[in-house]
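Reading through the structure tokens given below for one structure.
The values are calculated or read from the model by the stated rules, or taken from the named source; none is laboratory data. Predicted model, so just to flag it, every value in this text is computed and none were measured. Here the Cβ positions follow ideal geometry from the backbone for every residue, glycine too, while neighbour counts run over all protein chains shown. To get the accessible areas, we keep the full protein, side chains included, count just its heavy atoms, and leave off ligands, DNA and RNA. Shrake-Rupley method; radii C 1.70, N 1.55, O 1.52, S 1.80 Å.
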Amino acid sequence: MQYLCLIYQDEKEWQKLTPAESATITGEFFTYTESIKKSGHYVGGNALQPTHTATTVRVRQGKSATTDGPFAETKEQLGGYYLLKARDLNEAIQLAARIPGARLGSVEVRPVLEFQS
């Protein structure tokens with residue numbers, strides 16, 4: 001099965017890190033990514049730009065409306081994701097617990113709805 005791991009953290013806390021601290025954590029993400037590629041669990045993933053670069057789109061009664069920024073005010077913002085292959089939810093949770101962002105915020109693990117074609 002595939003699982004989407006959504007990595008949330010408080011952007012303000014990330015901005016408080018020293019350059020050395022942020023470089024260390026970034027390096028940990030690269031190391032983690034390489035490890036799950038080697039183990040065959042990696043399907044995809046990316047870091048996201050900060051929320052001030054986001055645009056929210058809504059369509060109501062056939063009319064599109066856009067607003068700058070994320071949809072809702074939250075303490076933690078979506079900062080990136082991994083799409084993983086895992087045997088089951090327990091293995092996906094074990095993989096998610098190794099994501100460096102789990103120490104700084106949280107990682108939401110969601111099974112991907114797979115359609116048969």
Check your understanding: With the range 40-103 as the region, which strands (runs of 3 or more DSSP E) entirely inside it contain at least 1 residues that are closer than 28 Å to Met1 by Cβ and modelled with pLDDT of 95 or more?
Key -> 42-47, 77-85
Practice item. Go through the range 1-42 residue by residue and tally those that are open to solvent by 60 Å² or more (accessible area, probe 1.4 Å) and closer than 17 Å to Arg87 by Cα. Key: 5
Review point. Are any residues in the range 1-20 modelled with pLDDT of 95 or more and among the hydrophobic types (A, V, I, L, M, F, W, C), and if so, which ones?
Key: Met1, Leu4, Cys5, Leu6, Ile7, Ala20
Review point. How many residues are open to solvent by 80 Å² or more (accessible area, probe 1.4 Å) and over 13 Å from the mean Cα position of the chain (by Cα) if we restrict to the range 43-56?
Key: 2
**Study point:** Output for the range 1-37, where each listed residue is β-branched (Val, Ile, Thr) and touching a helix residue (DSSP H, G or I) at 6+ places or on another chain (Cβ under 6 Å)
**Key:** Ile7
**Study point:** Test: residue in the range 22-31 that is modelled with pLDDT of 95 or more, part of a helix (DSSP H, G or I) and either closer than 26 Å to Glu114 by Cα or acidic (Asp, Glu) (or both)
**Key:** yes
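To keep it simple, each residue is scored yes or no on (1) free of Cβ contacts under 8 Å to residues at least 12 places away in the same chain; (2) small (Gly, Ala, Ser).
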| residue | (1), (2) |
| --- | --- |
| Gln15 | yes, no |
| Thr31 | yes, no |
| Gln49 | yes, no |
| Arg58 | yes, no |
| Ser64 | yes, yes |
| Tyr81 | no, no |
| Gln94 | yes, no |
| Gly101 | no, yes |
Check your understanding: For the range 76-86, does any single residue satisfy the condition of being of a type outside the set (D, E, K, R) and out of contact with any Leu (no Cβ under 9 Å at 6 or more places or on another chain)?
Key -> no
Check your understanding: Pick from the range 104-117 the residues that are outside any strand (DSSP E or B) and in contact (Cβ under 8 Å) with a residue 40 or more places away in the chain: which of them is most open to solvent (accessible area, probe 1.4 Å)?
Key -> Glu114
